Structures are given as C-alpha cells and as structure tokens.
Amino acid sequence: MLQSSDHAVLLSEAERLLPNSIAILLEQNPNRVSQLTITGAGLTLDASKQLIDEQSLQALAASAAGVDLAGAYERLITGSEVNITEERAALHTLLRGTAQDTLPGLAGEVTATLSRMRAVTEAIHSGDHVSASGDRFTNVINIGIGGSDLGPRMVCRALEEVSPQLNTHFISNVDPHDLDVVTRGLNPQTTLLVICSKTFTTEETLTNAQRARSWLIAGGVSEASIGQHVLAVTTNLTAAAEFGIGEAACFPMWDWVGGRYSVWSAIGLVIALGFGWRTFTDFLNGAKALDEHTRTADCEQNIPMIMALLELWNTRYLNTETHLVLPYSQRLEHLADFLQQLTMESNGKRVTLGGKTINEVTAPVLWGSAGTIGQHSYYQLLHQGNRRFSADIVLPLTNGDVDLDAHRKLASNALAQSRAFLIGRSAAESQALAAEKGLPSELAPHFEMPGNHPHSTLVMNSVNPETLGALIATYEHKTYFLSVLMGLNAFDQWGVELGKVIGKQIRATLENGDGLDELDSSTAALAAAWRNANR
Ligand code: F6P
C-alpha cells in the first residue's frame, strides 16, 4: 500500500498538473511521444495523452518503488499466498509456463493437464473421438459463467478469423432463453458440451448443464452414450461425478487459479477445440512473453506497471469517475465485458489487506464497447458531459481482411476520437462555428467541448493469438499492481458471494412462500408479485 509520504507527493503533483492542458504539454515537448511510449511483447503503449509529465511520472515511479511492485510480482509468480482471505496463491502465470522452475510439482500438474487437453482436442479434430452417432463434432458449447465464460468467449470471438475447426458457442445466463437461442439450429448429434465451473456448485452453470443434457437426450443422444458428448473443467471432481461426468472426461482446475484469471487453464479448452492446439499454445506464449516483459522491464518501461500507476493517478489523484476501454476492432467486442470482471471483481473492495476501511475510491468503474458503435451513442456524454473519465483506446494496426478502405475508416475514427478527447473544441472555434451556421453567439457554448481527457492508446500489429495473450496478461498484471498500490486483495470476491447466499433464500420464498415475512417490505412485495404472476 502507498506510503503516506508518496501519497502526499502525488497529491501535490496532481494539484500542480490539474490546471494543465495535455495538448500544450505535447506542443511544448517535441520528444513527449517517444518519452511516453513503451513497448513489450508485441504491444505498444502510447501514454503521451495522459495528464502527466516527467516530474509526476518520477513521483509515480517512486511510489511503485515504495510498495516494491517488482517484489510483489515475484511473490505472485512464485506462489506466495497473495489471496489471504482464501489462503491461496494466484498462479495464473504458471499456467503459461512462467517461473515453472520454482514450482516443479505444480508445473508438472499443469503440463499433464495441457497434454490431456491437447489429446482430446486432436482426437476430436481428427475424428478419433466422435459423437454417439459416429459423426464428427461440428459445434462445441461452453457452459459457464463469470471467469468460466467471459475469457473464453472474448478470445473465441477475437479469433474467429482463424479458420475454426469447431464452431464455438457460449451459454451463461440462468435465463432459459440463453440456452434456447444458442441451441436453436444446432444438431445435438454433432454438438459437444464443455461444462466449466471451478467449484461445480454455481447455480447458473448446473442448471444450464442439466438443460443442455436434456436437449442432447431429446435430440437422440442416449443416456448411455451421453458421456461422449460432455467434458467438464473443475476442481470439484466429486460434484462432477455426482452429475454423471466421469474422471476421464474431467479436466482439473486448481484452487490456486482465480476464476477471472483462468482462461489459460482447461477453462480455455473451448479455444483449443474451436481453433486448434497450435492457436491455444500461441495464445499462452503471448501471455508468457508479457510475463517476461513484466519481470524484466524497469518500471518506467513496464507496460502493466505504468498502466497501474496511471489508473491510480487518474482515479485517486485526477478524480476521474470512470474508465473506458474502447477497442477499434470488432474482434475485441467482448473485451470490456471481460475486463469488467477482471478489474471490478478484483479491485472493487473497501478494505485493505490488513482489514482497515478505505475511504477513497478503489477500482475504476470500467465500461466500453467496440468502436465505432459507441460513437453514435454514449460518446456524446464523453465529449460534452460533465463527467471526468480516462480511457484506453485499443488499436490493432492491421485488420487481416481485404477491405482496406473500411479498415482505414475504422482507424480514422480511432485517431479522430483520440484527438477529439485531447483538443475538444474551444470557445473561439465554437463562436466561429455558430457564426458560420448563422446562429446567435449565445448558442456557441452548445458547440464547445473541454477536451483534455487523459487516455492511452494501446497498439498492436494485429489481433492474433499472441497479441491477445499479451493483451489479457497486461490487464491481469495491471489489475494486480493496482491492488498492491491500493493495499487490496485482488483475488477474492466476497461481495459476489453475498448475493449468492440471499439468492438461495429467495428461491425458496418464490417456490413456496417460505420466509416472506423475513424479507424487507419492498423485496417481499416483489416476491409476492412474482408468485402471483407464476401461479
Ligand atoms: O461471480 C463469482 C464467481 O465466483 C466468479 O469469481 C467465478 O468466475 C464465477 O463465479 C463462476 O464460478 P465457477 O467457475 O465456480 O462456476
């Protein structure tokens, strides 16, 4: 957690910089872009449009040294018990081969699981493992929620360009409509299910798994041969066995992997099934390269460290209210959904590791969507609303398709928005615009935009398995570093657990009216309305 002397320095740095214009800082220093651009593992971070300068950057780097970010990273990757409330390590880095030598026993388990994942993937692709009807599988449905869904879903969408071996689908919500829509038009005889649940106790996933099983049976797959159509990923082999999935069809997870950090484990099996083993290993290697960058680069050249320091700087010191992730790539359309869980489930906390209440904000409120769609919706608020925000514009330079003209239009929009966030439109320009339109000068403020919105641009050559791995690992480490700077545990989620406990109680109320009197009057009225509507 930040030392109070570093905190005081950052406060005064923010006070000094807040009246400044980022556009003027750019104008004044011809070297600013190169000084504030850093690269690693196929990614380039341009932070030159952040409201920082050399002096504030040095102060941020000093606070990173004060909390020993580099030491914290070593502790993470070598298996220290960083998740203190659940008494666990958080070893997602080991899943992609980082620091294997320090943990040979666990590394052996990872390797063995990867071998099994590879074997089943190749058997399904070669036709050695076929469906109950003897047909090759054509579709795979991943059933999971949270970390057992968002990562693989985002990655599979991003890789659709790679020629798919199986079509990938995802069912997550306990709303039966989700499953019904996904399965509509699919042939149960050639569809494989992968049930992903670290705990194998999650209501949504177990409900969907049961319904999907019934869908297979209704589609002609016999009870006896259903095992050929179902794989599972879990730490809870007993619960999976009770569900009817034998050990041979189960791929292990470990309690030392957090759900939202688990896309590199067998939770990513759907990626391999969809796009091939080579693609999955390239994805792991991209993340491993970023791990290496994080371990070796100095703080000021270290992409996740700088991103964490900027997140701290913007949210705590420049008082931005919200953070946007704006990928200018339709392939990354699910990136913000994935990052919401990673960022807000990890750092949406109100106590320090030592149990002390934190009065300042912690995780930023993160949202966003693929450009240019948001431009025709909420960007109005970004440009002219009163809310302060920061943003990451994610910009793949090439698009892998033939339509260079459309790709140029997409990139022009990314750069145009970045520039508009920077320069806005001044009072004088707005007066000129009003005059040009023949409008009275008192209407000119309607055209004004303050600009000066701090943001970074995260550039990669293209969206491919390696850059995708590096991109996710960047955000993982940024999230962990922010937790270290703020003194949080990034790896538990007790807030989510509360809703699950109350949800169980209310389910009984909706079923048979039990406990209606124990509810608050508002919830009781809603429960009664539901019961009335579903008699
Ligand atoms: O949302 C809470 C949570 O526990 C997440 O952390 C996790 O990713 C998700 O539920 C799913 O859990 P499981 O994989 O155990 O079904």
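No value in this document is a laboratory result; all are computed from the given coordinates. Predicted, not measured: the structure shown is a model, and the values here were computed from it. Note that each Cβ is placed from the backbone with ideal geometry, even for glycine, and that neighbours are counted across all protein chains shown.
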> Pairing the Cα long axis of helix 277-296 with the longest principal axis of the chain, what angle in degrees results, from 0 to 90 and rounded to the nearest 10?
Replying inline: 40
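Relative contact order (percent) for the chain, with alpha-carbon contacts under 8 angstrom and 6 or more residues of separation? Intermediate results must be reported in sequence, preceding the final value.
Details: 900 pairs, mean separation 102.2, N = 535.
Relative CO of the chain lands at 19 percent.
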> When we measure straight from the Cα of Lys478, which lysines land under 22 angstrom away, once same-chain ones fewer than 8 places off are left out?
Replying inline: Lys49, Lys288, Lys349
>> Assuming 0.36 nm per residue, please report the length gained on full extension of the stretch Gln431 to Glu242 beyond their Cα-Cα distance.
In response: 60.9 nm
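Quick check on the chain: of the DSSP beta bridges with both residues there, what percent are antiparallel, nearest 5%? Can you show the working numbers first?
Details: 11 of 42 bridges.
In the chain, approximately 25 percent of DSSP beta bridges are antiparallel ones.
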> What FRET efficiency do you get for Glu360 and Thr111 if R0 is 35 Å and r is their Cβ-Cβ distance, rounded to the nearest 0.05?
Replying inline: 0.25
>> Give the separation of the Cα centroids, segment 57-118 to segment 510-535, in Å.
In response: 46
> Where the only charges are on Cβ atoms (+1 Lys, Arg; -1 Asp, Glu), what is the dipole of the chain about its Cα centre, to the nearest 20 debye?
Replying inline: 520
> In straight Cα distance, which lysines are under 20 Å from Lys409, not counting same-chain residues fewer than 8 positions off?
Replying inline: none
> Which listed residue (Phe251, Leu192, Ala107) has the Cα farthest towards the positive end of the charge dipole for segment 95-281, taking +1 on Lys and Arg C-beta and -1 on Asp and Glu C-beta about the Cα centre?
Replying inline: Ala107
> Put a dot 7 Å past each Cα toward the Cβ at Glu87 and Arg350; how far apart are the dots in nm?
Replying inline: 2.7
> Using only Cα atoms, what is the ratio of the radius of gyration of the chain to 2.2 N^0.38 Å?
Replying inline: 1.04
> Sorted by average packing, counted as other Cβ atoms within 10 angstrom per residue and highest first, what order do 286-297, 210-221 take?
Replying inline: 286-297, 210-221
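Could you work out [θ]222 nm for the chain from helices alone, using -39500 (n - 2.57) per DSSP H run of at least four and dividing by all its residues? Round to the nearest 500 deg cm²/dmol.
-14000 deg cm²/dmol
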> How far, in degrees from 0 to 90, does helix 303-312 lean away from the longest principal axis of the Cα atoms of the chain, to the nearest 10?
Replying inline: 70
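Please sort 167-179, 186-198 by packing, taking for each peptide the average over its residues of neighbouring beta carbons within 10 angstrom, highest first.
186-198, 167-179
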